[in-house]
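Q: One structure is given below, represented as structure tokens, and several questions about it will come after.
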């Protein structure tokens, strides 16, 4: 119920109407020591390679821009690996040992995290549908598939392992955030193992490839 | 901070705009962070991205015969502009918008240490 309301009325109303729950979520986030591995206040802290390598988990200060609320709440109760490799490692596999929350905790932490937005993502810019140009960029023109797993037409997973898996990314990520992440690397994460594509891909092609990635969904 | 200021003064506005505020020229760290994911931590072309369906083997930097076919300028160009700029695979990314010129020059030298070779001259 709460979730539906959130997706219908958007972040502004959510903040106004559900402040109590946002605060509950923040309290759980602190009590469960999520703060030991995740920071939740911008701007980006990764200014050098050392900064990134000192971190124990991904930054969450723009979680509300990045994730889909429904996916987030479900993942918090049953956190399955997203990155094939252990965080900040090139040799060890993801140990699949992320702490899990109860459904109630996940609902309030989900609201807290979905309230963390940057104001740098324009809504409604990426049209999610089959995008031949985007597919071409992802698998042929650019090295995206060299670092990211994705599912082929028959559901077979291929691709590189150093980046987060993009299998079913359309359920997990906000399509408009994918575009913003490509367009504003210095804002979201100035230092990361992924190349900067600004000046190499046009805004239009960034939107194409974002649409392709946002269209990665489970086969029905 | 000092580094950023010096960099700006030395290389001018264009470089500043392209540059991410990365750590000062610690080439080993730069290599391990950006290149090892495909070329491997010792340069053998065996990073974790190279699974059985990776379309083309990343260059093995310990192969002196192969690395001697490239001049330092060739190596620099492919790092900056990616595989397709020299008719090679697009799986070799363009790093020109990610790394500073200083970092790329450092990497060219670093690869020469790994291959223990001087590269094509002239």
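The values are calculated or read from the model by the stated rules, or taken from the named source; none is laboratory data. Remember, predicted model here, so these are calculated numbers, not experimental data. A quick note on method: Cβ atoms are made from the backbone with ideal geometry, for glycine too, and the neighbour counts reach across all protein chains shown.
Q: Under 7 Å between Cβ atoms, which residue pairs at least 6 apart in sequence (or on different chains) link something in the stretch A:79-100 that is within 10 Å of chain B (Cβ to nearest Cβ) with a partner that is in a loop (DSSP other than H, G, I, E, B) and exposed (fewer than 15 other Cβ atoms within 10 Å of the Cβ)?
A: Cβ pairs passing all conditions: A:85/A:92.
Q: Something else: So which of B:119, B:106, B:96 ends up being out of contact with any strand residue (DSSP E or B) (no Cβ under 9 Å at 6 or more places or on another chain), in a helix (DSSP H, G or I) and touching a residue at least 24 places away in the same chain (Cβ under 8 Å)?
A: Answer to the selection: B:106.
Q: Could you go through the stretch A:210-217 and let me know if any residue there is within 11 Å of chain B (Cβ to nearest Cβ), surrounded by 18 or more Cβ atoms within 10 Å (Cβ to Cβ), under 25 Å from residue A:93 (Cβ atoms) and modelled with pLDDT of 95 or more.
A: Within the stretch A:210-217, none of the residues are within 11 Å of chain B (Cβ to nearest Cβ), surrounded by 18 or more Cβ atoms within 10 Å (Cβ to Cβ), under 25 Å from residue A:93 (Cβ atoms) and modelled with pLDDT of 95 or more.
Q: So, in the stretch A:148-160, how many residues would count as being surrounded by fewer than 23 Cβ atoms within 10 Å (Cβ to Cβ) and in contact with a strand residue (DSSP E or B) (Cβ under 8 Å, 6 or more places away or on another chain)?
A: Residues that pass the stated criteria total 6.
Q: Filter the stretch A:183-207 for residues that are surrounded by fewer than 22 Cβ atoms within 10 Å (Cβ to Cβ), in a helix (DSSP H, G or I) and more than 10 Å from chain B (Cβ to nearest Cβ) and give the result.
A: Hits for the stretch A:183-207 are A:183, A:187, A:203, A:204, A:205.
Q: Can you tell me how many residues within the stretch A:108-131 are part of a helix (DSSP H, G or I) and within 23 Å of residue A:163 (Cβ to Cβ)?
A: 1
Q: Let me ask something additional. Would you confirm whether any residue within the stretch B:12-23 is modelled with pLDDT under 95, over 19 Å from residue A:194 (Cβ atoms) and in contact with a helix residue (DSSP H, G or I) (Cβ under 8 Å, 6 or more places away or on another chain)?
A: Looking for residues that are modelled with pLDDT under 95, over 19 Å from residue A:194 (Cβ atoms) and in contact with a helix residue (DSSP H, G or I) (Cβ under 8 Å, 6 or more places away or on another chain), one finds at least one in the stretch B:12-23, hence yes.
Q: I would also like to ask the following. If I go through the stretch B:78-96 residue by residue, how many of them are touching a helix residue (DSSP H, G or I) at 6+ places or on another chain (Cβ under 8 Å) and farther than 18 Å from residue B:38 by Cβ?
A: Result for the stretch B:78-96: 0.
Q: Separate question: What residue, among those in the stretch B:36-73 that are in a helix (DSSP H, G or I) and in contact with a helix residue (DSSP H, G or I) (Cβ under 7 Å, 6 or more places away or on another chain), is nearest to residue A:86 (Cα to Cα)?
A: Applying the filter and picking the extreme gives B:37.
Q: Find the helices (runs of 4 or more DSSP H) located wholly in the stretch A:1-96 whose residues include 2 or more that are at pLDDT 95 or above, under 15 Å from the mean Cα position of the chain (by Cα) and surrounded by 15 or more Cβ atoms within 10 Å (Cβ to Cβ), and list them.
A: Helices (runs of 4 or more DSSP H) meeting the threshold: A:63-66, A:69-77.
Q: Do the conditions hold for residue A:220, that is, is it without any contact (Cβ under 8 Å) to a residue 40 or more places away in the chain and assigned to a helix (DSSP H, G or I)?
A: no
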